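Down below is the structure, laid out as structure tokens.
Read the figures in this text as sums done on the coordinates, not as results from a lab. The structure displayed is predicted, hence computed values, not measured ones. Reconstructed Cβ throughout: ideal geometry from the backbone, glycine too, with neighbour counts over all protein chains shown.
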Amino acid sequence: MRVLVAGATGVIGRQLVPLLAAVGHEAIELSRSKNADALDREATRRFVREAAPDAIVHLLTAIPRTIDPKRIDRQFELTNRLRVEGTRNLIDAAPNARFIAQGLAYAYDPAPGLADEDAPLWQDPPKPFAPVLGALRELERQTTDAGGLVLRFGHLTGPGSAYDEGGATTEAVRAGKMPIVGDGGSVLSFTGAHDAATAIVAALDRDVTGALNVVDDAPVTMGDWLPAYAAALGAPAPKRVPAFLARLAVGPFGVAFMTRLRGADNSRARLALNWRPRHPSFFDVAA
């Protein structure tokens, strides 16, 4: 199968391209740094039509190394465009190709318990996160309308991620600059980059549409995860900060990220894709 990987140089793409070759697929790389800009409709059309892919995997983002939760709406402007305009351009260029897109498994409406794929995405998100969520909704709508599949990944770990040795989150934890906010109640579902890649490969050969949560088996609260990660790194134990004080520093989305995120259930992906995470928990891949 000829598989066009849009975003081949990203955290997942770097795992996916060699894996595709290893299982007998032909990977065609598309990235802004190498050959084409998915926001340029005509250039994308030419590249994709010349490539003639049987499948397209849309992993394009432009996420900054360090995220400022107060400015996430502005920091994600290009990523939002890639999720809306880029999705449209890729689908239009090869409407008959199998289409798989990257979504988020931590954008669910806050509620008790783990979210399955029928749970709604965040209904009333903090204002800075609203444009990000709007772009995700549009990416999912376009993908579903095209008969494609959205794989909702959790917090990505592995080489090149924020949790890698030199990643922004790891550095913040090492420096003691990432406190537990409020009750630390966010539930975190992680996804190893290699596990994301194996799920994509599994999805190429299966007639599955809609959305699937591709996350690890061990969701953990921020309040439990952060001290454990700090200890694993030999870093200072994280401080505790009341939510009202943290809001001054990181804004409403920063507080929500630390206190309100909902974890995700991976049961459907395991069944529909016959997929299992090689790294069933965060500490099996990142520490």
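Within region 273-283, being surrounded by fewer than 19 Cβ atoms within 10 Å (Cβ to Cβ) and either aromatic (F, W, Y) or in contact (Cβ under 8 Å) with a residue 24 or more places away in the chain (or both) holds for N274, R278, P280, S281, F283.
Between L121, L114, L151, L82, the distinction of being under 23 Å from T198 (Cβ atoms) and within 16 Å of the chain's Cα centre (by Cα) belongs to L151 only. Any idea which of (1) in contact with a strand residue (DSSP E or B) (Cβ under 6 Å, 6 or more places away or on another chain); (2) surrounded by fewer than 19 Cβ atoms within 10 Å (Cβ to Cβ); (3) assigned to a loop (DSSP other than H, G, I, E, B); (4) not aromatic (F, W, Y) is the one R268 doesn't satisfy? All conditions are met except number (3). Would you confirm, using the coordinates I've provided, whether R152 is within 23 Å of G86 (Cα to Cα), buried (at least 20 other Cβ atoms within 10 Å of the Cβ) and among the charged types (D, E, K, R)? Yes, satisfied. Scanning region 207-229 for residues that are small (G, A, S), crowded, with 16+ Cβ neighbours inside 10 Å and farther than 18 Å from L156 by Cα turns up just one, G223. Taking helices (runs of 4 or more DSSP H) as the structural unit, those lying wholly within region 1-103 and holding at least 3 residues that are crowded, with 18+ Cβ neighbours inside 10 Å and in contact (Cβ under 8 Å) with a residue 24 or more places away in the chain correspond to 13-22, 41-51, 87-93. Set side by side, the residues A199, A211, A193, A228 differ, and just one is of a type in the set (G, A, S), touching a residue at least 60 places away in the same chain (Cβ under 8 Å) and over 25 Å from E77 (Cα atoms), which is A199.
Among the residues of region 154-184, the ones that are among the charged types (D, E, K, R), in a helix (DSSP H, G or I) and within 21 Å of the chain's Cα centre (by Cα) come to 1 in all. Residue pairs whose Cβ atoms lie under 7 Å apart, sitting 6 or more positions apart in sequence or on different chains, and linking a residue in region 237-263 that is more than 19 Å from K127 (Cβ to Cβ) to a partner that is part of a helix (DSSP H, G or I), are A237/P227; A237/A230; P238/L226; P238/P227; P238/A230.
Whether a residue is closer than 17 Å to R262 by Cα and part of a helix (DSSP H, G or I) was assessed, and D224 passes this test.
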